[in-house]
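J.: One structure, as structure tokens, below. Some questions next.
The values are calculated or read from the model by the stated rules, or taken from the named source; none is laboratory data. Just so it is clear, the model here is predicted, and its values are computed rather than measured. Cβ placement follows ideal geometry from the backbone for every residue including glycine, while neighbour counts extend to all protein chains displayed.
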Amino acid sequence: MSTGTVEGLERELSAARRNVFLLTFAQALLASAGPIAFSIGGLAGYNLLGEDKSLATAPLTGFNIGVALGAVLVAIAARLLGRTHGFIVGALLGASGGLIAAIALFRGDFWLFAFGFVFIGISGGFAQKIRFAAADASPSFYKPRAISWILAGGVISAVLGPQVVIFTKDLFEPVLFAGAFVALLPLCLAAIPLFLFLRLPDHKAAATASGQVARPLKEIVLTQRFLTGMFCGISSYALMTFMMTGAPLAMVIGCGFSPELATLGIQWHVLAMFAPSFFTGILIQRFGTEKVVAAGLVILMACAGVAHAGIELWNFWGALILLGLGWNLGFIGATAIVASSYRPHEADKVQGFHDIVLFGAVALASFSSGKVFNAYGWQAINLMFWPITGVSLILVLLLILRARRATA
């Protein structure tokens, strides 16, 4: 390797690390909305409803629908404004959603509250693009590490979000939880200066200059690698949302635990979601992406086993911690598989398609969680894990076998 090539790679790696640093903290601020929303969204919705409480998790469904819409809107914003300014739009939408949700609580308006969650979710859709932005701006060998560092920023949101809830939920008493949504304004707006310092490469311009032609979307998304990555990502994320949405209801409404204990359970869960990210990229480089995904799926099975074993506090907290860990390995690995299935100049359309399907499934999971809990109870939520993780494991094993045959 020539000296010029080494120096060029070092500059590329240095620029990638700088972007990852800025994106990690920006994503951590925007991602704080997730723990806030899931800690108290179902409980606030429950309080706003009348006798029929089956729609208590509808605001969280609105959040996940918003994330799916955000996956479309962020691609449009990136094309029209560039990725950097697109992320700024996402931060402004998150601040607006927090304000709408707070106003809805003061008015006692359930559907306006759910509408505010749509805006918060759209901002979350923009934030989800950050992991791909970091990967696309990195050399190929650094992509898994970049994704891991972005998600590692969730450790900050895992602590920040629940603590915001604990310290601000009674700020406007007797209107419970309004303070937590007002607090979303400074959290989202604080991410904007970080976005302004980004220097992201323009892969589309580079591809056009070199004469590279993007493959049709259908050709890319029908490959075994993309389909496996997307299905495993959907399985990990949808199951995580399914249990995380229902857990506060099961703990507070079903078992009589306090909202504070439910919130702390979500905090431990979110910490388990993101803290392993400091090591997940290293594990992927050492053992391979597919093996890390398989390990995550096995941990999700263990999570269902712990949750099914009883309804003591340790069952809930233990299951939520395993849920977060399994999600981390499964989702980061699945994202790395998807990111390796397309070329840089094909990124926007493939990522947009992937996230629409992903967060559409997640929205369905959050909506059905409340319905399943009200109709069949907590144990029915846990039983859903086994068939879905089983199919995902089979797909991963097939991908591993194909790779071994290719190298034999």
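J.: Restricting attention to region 232-264, which residues are surrounded by fewer than 20 Cβ atoms within 10 Å (Cβ to Cβ) and either of a type outside the set (A, V, I, L, M, F, W, C) or assigned to a helix (DSSP H, G or I) (or both)? I'd like the intermediate steps shown before the answer.
T.: As a first pass, look at region 232-264 and keep what is surrounded by fewer than 20 Cβ atoms within 10 Å (Cβ to Cβ): 252-261, 264.
Selection gives Val252, Ile253, Gly254, Gly256, Ser258, Pro259, Glu260, Leu261, Leu264.
J.: Now, a different point. For region 371-382, give me the residue count where each residue is farther than 15 Å from Ala238 by Cβ and surrounded by fewer than 21 Cβ atoms within 10 Å (Cβ to Cβ). Let's see the steps before the verdict.
T.: Filtering region 371-382 for residues farther than 15 Å from Ala238 by Cβ gives 373-380.
Filter once more, keeping what is surrounded by fewer than 21 Cβ atoms within 10 Å (Cβ to Cβ): 374-377, 379-380.
Qualifying residue count, region 371-382: 6.
J.: Taking the stated definitions as given, is Asp355 charged (D, E, K, R), more than 24 Å from Ala295 (Cα to Cα) and in a helix (DSSP H, G or I)?
T.: Working: charged (D, E, K, R): yes; more than 24 Å from Ala295 (Cα to Cα): no; in a helix (DSSP H, G or I): yes.
Spelling it out, it is not the case that Asp355 is charged (D, E, K, R), more than 24 Å from Ala295 (Cα to Cα) and in a helix (DSSP H, G or I).
J.: Could you tell me which numbered condition Ala307 fails, if it satisfies all but one of (1) buried (at least 24 other Cβ atoms within 10 Å of the Cβ); (2) touching a Lys or Arg at 6+ places or on another chain (Cβ under 9 Å)?
T.: (2)
J.: Keeping to region 58-93, report how many residues are assigned to a loop (DSSP other than H, G, I, E, B) and under 16 Å from the mean Cα position of the chain (by Cα).
T.: Going through region 58-93, the residues assigned to a loop (DSSP other than H, G, I, E, B) turn out to be 82.
Subset that is under 16 Å from the mean Cα position of the chain (by Cα): none.
Total meeting the criteria: 0.
J.: Now for a different question. Which one of Val159, Val175, Val221 is of a type outside the set (S, T, N, Q), within 25 Å of Ser32 (Cβ to Cβ) and under 24 Å from the mean Cα position of the chain (by Cα)?
T.: Numbers: Val175 fails: under 24 Å from the mean Cα position of the chain (by Cα); Val221 fails: within 25 Å of Ser32 (Cβ to Cβ).
That would be Val159, the only listed residue that is of a type outside the set (S, T, N, Q), within 25 Å of Ser32 (Cβ to Cβ) and under 24 Å from the mean Cα position of the chain (by Cα).
J.: Let me ask another. Mind listing whichever residues of region 278-324 are within 26 Å of Ala135 (Cα to Cα) and of a type in the set (Asp, Glu)?
T.: Glu290
J.: Exactly one of these conditions fails for Trp386: (1) crowded, with 17+ Cβ neighbours inside 10 Å; (2) among the hydrophobic types (A, V, I, L, M, F, W, C); (3) modelled with pLDDT of 90 or more. Give me its number.
T.: (1)
J.: Further, regarding this structure: So, in region 287-342, how many residues would count as being closer than 30 Å to Glu219 by Cα and among the charged types (D, E, K, R)?
T.: Qualifying residue count for the region: 2.
J.: Filter region 20-57 down to the residues that are of a type in the set (A, V, I, L, M) and assigned to a loop (DSSP other than H, G, I, E, B), then identify the one that is farthest from the chain's Cα centre (by Cα).
T.: Leu49
J.: If you check Phe117 against the conditions, is it crowded, with 24+ Cβ neighbours inside 10 Å and of a type in the set (Phe, Trp, Tyr)?
T.: yes
J.: OK, next. Does Ser369 satisfy being assigned to a helix (DSSP H, G or I) and modelled with pLDDT under 85?
T.: Working: assigned to a helix (DSSP H, G or I): yes; modelled with pLDDT under 85: yes.
Judged against the criteria, Ser369 is a match.
J.: If Arg404 satisfies every condition in (1) touching a residue at least 24 places away in the same chain (Cβ under 8 Å); (2) of a type in the set (D, E, K, R); (3) farther than 23 Å from Gly34 by Cα but one, which is the exception?
T.: (1)
J.: Against the definition (touching a helix residue (DSSP H, G or I) at 6+ places or on another chain (Cβ under 6 Å), touching a residue at least 12 places away in the same chain (Cβ under 8 Å) and either buried (at least 23 other Cβ atoms within 10 Å of the Cβ) or among the hydrophobic types (A, V, I, L, M, F, W, C) (or both)), how does Gly94 come out, yes or no? Show your work before the answer.
T.: Details: touching a helix residue (DSSP H, G or I) at 6+ places or on another chain (Cβ under 6 Å): yes; touching a residue at least 12 places away in the same chain (Cβ under 8 Å): yes; either buried (at least 23 other Cβ atoms within 10 Å of the Cβ) or among the hydrophobic types (A, V, I, L, M, F, W, C) (or both): yes.
The answer is yes for Gly94.
J.: Listed residues Ala68, Ala104; which is among the small types (Gly, Ala, Ser) and at pLDDT below 85? Before the answer, list the steps.
T.: On the way: Ala104 fails: at pLDDT below 85.
So the residue among Ala68, Ala104 that is among the small types (Gly, Ala, Ser) and at pLDDT below 85 is Ala68.
J.: Here's a follow-up. Residues in region 109-118: is at least one closer than 17 Å to Pro35 by Cα and of a type in the set (Val, Ile, Thr)? Full working, then the answer.
T.: Step one: of region 109-118, the residues closer than 17 Å to Pro35 by Cα are 113-114, 116-118.
Then drop every residue that is not of a type in the set (Val, Ile, Thr), which leaves 118.
So far as region 109-118 goes, yes, one or more of its residues are closer than 17 Å to Pro35 by Cα and of a type in the set (Val, Ile, Thr).
J.: What are the residue pairs meeting all of these: first residue in region 236-251, first residue of a type in the set (Phe, Trp, Tyr), second residue surrounded by fewer than 24 Cβ atoms within 10 Å (Cβ to Cβ), Cβ atoms under 7 Å, and 6 or more apart or on different chains?
T.: Going by the 7 Å Cβ cut-off, the qualifying pairs are Phe242/Met384.
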